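Worksheet for the structure shown next.
The values are calculated or read from the model by the stated rules, or taken from the named source; none is laboratory data. Please read all numbers here as calculations on a predicted model, not as lab measurements. Cβ placement follows ideal geometry from the backbone for every residue including glycine, while neighbour counts extend to all protein chains displayed.
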Amino acid sequence: MSRQILLGDEAVALGAVHAGLSAAFSYPGTPASEVLEYLIRLAGETKEFTAVWSVNEKVAYEEALGASFAGKRALVSFKHVGLNVAADPFMNSAITGANGGLLVVSADDPGMHSSQNEQDSRYYAQFAQIFGYEPSDHQEAYDMSREAFDLSERFGLPVMLRLVTRLSHSRSPVETRDARPQNELKKGVAKDWILLPVNARRRFGLLLDVQAELVRFSDESRFNFLKLNEGDRAFGVIASGIAYNYLREAVAGEASPPTFLKVSTYPLPEGLIRKLVSHVATVLVLEDGYPFIERQIKGLFGVPGKTVLGKLSGTLPASGELSPDIVRRALGRGALPACEASGLPLAGRPPQLCVGCPHADTYRALNKALEGIPGSNVFSDIGCYTLGALPPYSAIHSCVCMGASIGMARGASDVGLHPAVSVIGDSTFAHSGITPLLGAAVADTDMTVIILDNATTAMTGGQPTYGTGERLLRLIEGLGVAKEHIRTIEPLPKNHEKNVQIIREEIGHRGLSVIVAARECVQEQRKKRS
Amino acid sequence: MKQDIILAGVGGQGILSIAYVIDNAALADGLFFKQAEVHGMAQRGGAVQSHMRLSDGTIWSDLIPKGEADMILSVEPLEALRYLDCLRPDGIVVTSSTPFRNIPDYPDLGQVLEALNKAPRSVVVDSEKLAKEAGTVKAQNIVLLGAAAAFLILKETSLLQTIDALFRSRGMPVLEANLKAFELGKKAAGRP
């Protein structure tokens, strides 16, 4: 047993290692990146397991599934929207099942600190009909991650662990225990893993059969507990994950705190919920993310004779992140005395491109090249360069999901929009820009794709990238883009005029052009120097 | 015994290094802690804050409720002001007076400092000047940590040991500059 300071992400990672992890895969994304960062660091030191960045989340999931097929314990981690990318293997892995324990770590971002939506991964666990954990603190993150692998092998199913930004990026000491040895190689049974309809029907039947057992396991889990206030039949609280902490914070020190149920596992612990609901007249549901528990309890018709409060009832805000202050209010506890705000208008300080960033030079050249062309549209993608939306650049018109810039530019071009420009980073291009570019190359779509090759995955802290430099150029050529319309620029102030000219020429070409703006990220350059 | 601190500044100013030193000092002192921080987008020149909770008992929330913060410790004056309504009525603000102007609408510095002086208790230090005096302008975060040290529930020896552990690998001149920055910050706060 030892005590270590860990981020929530790291506690999950170390729990997995101590459960006998053999392989881990991921694609960077806030707030999940630190799971694999930690595993890569540890694997580098111990050489005992594999931890690598994958090209995208779907690939990461499939790599982890392959390790599970081989009988080894595997982890795959990503941010919530990464699970959309991996949804196909994820859903089907509930049918194949897991051979070696398989843990799926999905980190949600309520409040959208660094994301484009607030989707709640618990719906995915329910959708696939697999078991899910939701830790409230670092110790649980570690303990649940360890337990998840045993559970995965016991039921022969992948298991999800849902994190939220606040826990992912909070640090606290964790008690760790001795590591379990890794599994021996033991191949999966082919008829379970070949999802031809004849096999898939049988496997799906098994998945349905095990559901009642999963509910029972949830009811008996040590991570869920019910504390009845025998003297108070009026009001009780169901709280999950990080919201449980806010509940305990708000009622700490009270002589007669309300009845509460801590929910940490899914499917819901139905027996415990029935006990709580039968004990009180009004139930308040506290959960970070969507009203997942609240909606299930309420159903279409509500609970006769009971009042269920939460996000659906308007007691809590339907969007954004919960906070101790919001939960205090919902519990009817008054605000604490505090200093007054200064009253000065405080200018916001949004994130911005670094001084000397190559993207800034590219945007200056692009803006200049598009000057005077009416109706031009720049479809952007996910990365630091999305900050080109902000002044002084105001250079882009869309940002939707990984790789969307190229597909959207093509769709817009196909219906007559000109010029249609796509802006995408090298890592995002490798992630999911290659396939839409292949289609556009075959069609010779009238559009200009600008690949911002800064040789790293910058926004998430500088993870490696798979399509950069010479390999990127060969890749573009290999997709069938005409060689004379593959251009390279070096985005530097001294090259501004030349770069504007090149961009103008390619926008003028009424077919597909790809311009690679190649210059290394200044943050990565700095890291190499120090 | 408990202490709740809001750490504030701008991405790149070393807020997380301050947090690292406090975390490890707390561990050495046998305290429990939770420290919530911001990663990702907000790091790129944006406002950065970290909620740091120290206690010898259970800590529930990772975030500090409004009115519970005992201290705002900021490497930048405007950023200190941003969290004033989180501070207890008898809380303390320890901040740099050196503005980080990377936005076009940065308010009048005189007004910012005046507003900070209205806090129940405040310690305002010229971290840029003191860090330069210590040998590196990068050590402004450690100047602020030094200025706050006397008001923390942590042992000073624990803080110094962690600073040592953090900077020794970067060479003796870096370590010495940071130790000096800590001392100068302490003196500037009127705590020799």
### Message
Given the options A:D109, A:D150, name the one that is within 23 Å of A:R248 (Cα to Cα) and either in contact (Cβ under 8 Å) with a residue 40 or more places away in the chain or under 19 Å from the mean Cα position of the chain (by Cα) (or both).
### Response
A:D109
### Qualifying positions in the range A:25-53 - in a loop (DSSP other than H, G, I, E, B), touching a Ser or Thr at 6+ places or on another chain (Cβ under 8 Å) and surrounded by fewer than 23 Cβ atoms within 10 Å (Cβ to Cβ)
A:F49
### Task
Tell me, yes or no, whether the range A:276-299 has at least one residue that is out of contact with any Asp or Glu (no Cβ under 7 Å at 6 or more places or on another chain), on the phi > 0 side of the Ramachandran plot and without any contact (Cβ under 8 Å) to a residue 60 or more places away in the chain.
yes
### Task
Could you look through the range A:326-346, keep only residues that are surrounded by 14 or more Cβ atoms within 10 Å (Cβ to Cβ) and either at the interface with chain B (Cβ under 8 Å from one of its Cβ atoms) or touching a His at 6+ places or on another chain (Cβ under 7 Å) (or both), and pick out the one that is farthest from B:L81 (Cα to Cα)?
A:R328
### Query
Only one of these conditions is not met by A:S405: (1) hydroxyl-bearing (S, T, Y); (2) surrounded by fewer than 22 Cβ atoms within 10 Å (Cβ to Cβ); (3) more than 14 Å from chain B (Cβ to nearest Cβ). Which number is it?
(2)
### Any chance B:V21 is crowded, with 23+ Cβ neighbours inside 10 Å and of a type in the set (A, V, I, L, M, F, W, C)
yes
## Note on the structure
Per the filter on the range A:278-303, residues crowded, with 18+ Cβ neighbours inside 10 Å and among the β-branched types (V, I, T) are A:V280, A:V283, A:V285, A:I293, A:I297
### Members of the range B:22-40 found to be touching a helix residue (DSSP H, G or I) at 6+ places or on another chain (Cβ under 8 Å) and under 17 Å from B:I72 (Cβ atoms), listed by number
B:I22, B:Q35, B:A36, B:E37
### Query
Quick one: would you say A:Q139 is out of contact with any Leu (no Cβ under 9 Å at 6 or more places or on another chain) and touching a residue at least 24 places away in the same chain (Cβ under 8 Å)?
yes
### Task
State the number of residues belonging to the range A:248-285 that are within 14 Å of chain B (Cβ to nearest Cβ) and within 17 Å of A:A234 (Cα to Cα).
4
#### Entry: Residue identified as touching a Ser or Thr at 6+ places or on another chain (Cβ under 9 Å) and small (G, A, S) among B:A189, B:A181, B:A134, B:A148
B:A181
### Message
Condition check: over 30 Å from A:V355 (Cβ atoms) and surrounded by fewer than 24 Cβ atoms within 10 Å (Cβ to Cβ). Does B:T58 satisfy that?
### Response
yes
### Summary
When every residue in the range B:108-128 that is free of Cβ contacts under 8 Å to residues at least 12 places away in the same chain and in a helix (DSSP H, G or I) is compared, the one nearest to the other protein chains (Cβ to nearest Cβ) is B:Q111
### Task
Evaluate the range B:168-190: report whether one residue or more is touching a residue at least 24 places away in the same chain (Cβ under 8 Å), of a type in the set (K, R), within 30 Å of A:A341 (Cβ to Cβ) and not in a loop (DSSP other than H, G, I, E, B).
yes
### Task
Enumerate the pairs (first residue in the range A:161-184 and away from chain B (no Cβ under 14 Å) and within 20 Å of B:S61 (Cβ to Cβ); second residue anywhere and part of a helix (DSSP H, G or I) and among the basic types (K, R)) with beta-carbon separation below 8 Å, excluding pairs fewer than 6 apart on the same chain, so at least 6 apart or on different chains.
A:R162/A:R122
### Query
Does the range A:381-404 contain at least one residue that is closer than 12 Å to A:I507 by Cβ and in the same structural domain as A:I502 (by TED's automatic domain parsing)?
no
#### Entry: Positions within the range A:452-508 being surrounded by fewer than 21 Cβ atoms within 10 Å (Cβ to Cβ), touching a Lys or Arg at 6+ places or on another chain (Cβ under 8 Å) and aliphatic (A, V, I, L, M), in sequence order
A:L492, A:V500, A:I502
### Task
Working only within the range A:247-275, note down all residues that are free of Cβ contacts under 8 Å to residues at least 24 places away in the same chain and more than 30 Å from A:V210 (Cβ to Cβ).
A:R248, A:A252, A:G253, A:E254, A:A255
## Note on the structure
If we keep only residues of the range A:195-206 that are surrounded by 12 or more Cβ atoms within 10 Å (Cβ to Cβ) and of a type in the set (A, V, I, L, M), then the residue farthest from A:G66 (Cα to Cα) is A:L206
### Query
Since A:G383 meets every condition but one in (1) away from chain B (no Cβ under 11 Å); (2) crowded, with 20+ Cβ neighbours inside 10 Å, which condition does it not meet?
(1)
### Query
Would you pick out the residues in the range A:97-113 that are farther than 18 Å from A:F223 by Cα and crowded, with 21+ Cβ neighbours inside 10 Å?
A:G97, A:A98, A:N99, A:G100, A:G101, A:L102, A:V104, A:S106, A:A107, A:D108, A:D109, A:P110
### Query
Looking at B:S158, is it part of a helix (DSSP H, G or I), of a type outside the set (D, E, K, R) and without any contact (Cβ under 8 Å) to a residue 12 or more places away in the chain?
no
### Query
Quick one: which strands (runs of 3 or more DSSP E) sit completely within the range B:1-91 and have at least 1 residues that are within 7 Å of another protein chain (Cβ to nearest Cβ)?
B:2-10, B:32-36, B:47-55
### Query
Residue check: is A:A318 modelled with pLDDT of 95 or more and surrounded by 17 or more Cβ atoms within 10 Å (Cβ to Cβ)?
no
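Every residue, every condition in (1) among the acidic types (D, E); (2) more than 17 Å from A:R329 (Cα to Cα); (3) touching a residue at least 40 places away in the same chain (Cβ under 8 Å), yes or no:
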{"residue": "A:N224", "(1), (2), (3)": "no, yes, yes"}
{"residue": "A:E230", "(1), (2), (3)": "yes, yes, no"}
{"residue": "A:G236", "(1), (2), (3)": "no, no, yes"}
{"residue": "A:G241", "(1), (2), (3)": "no, yes, yes"}
{"residue": "A:N245", "(1), (2), (3)": "no, no, yes"}
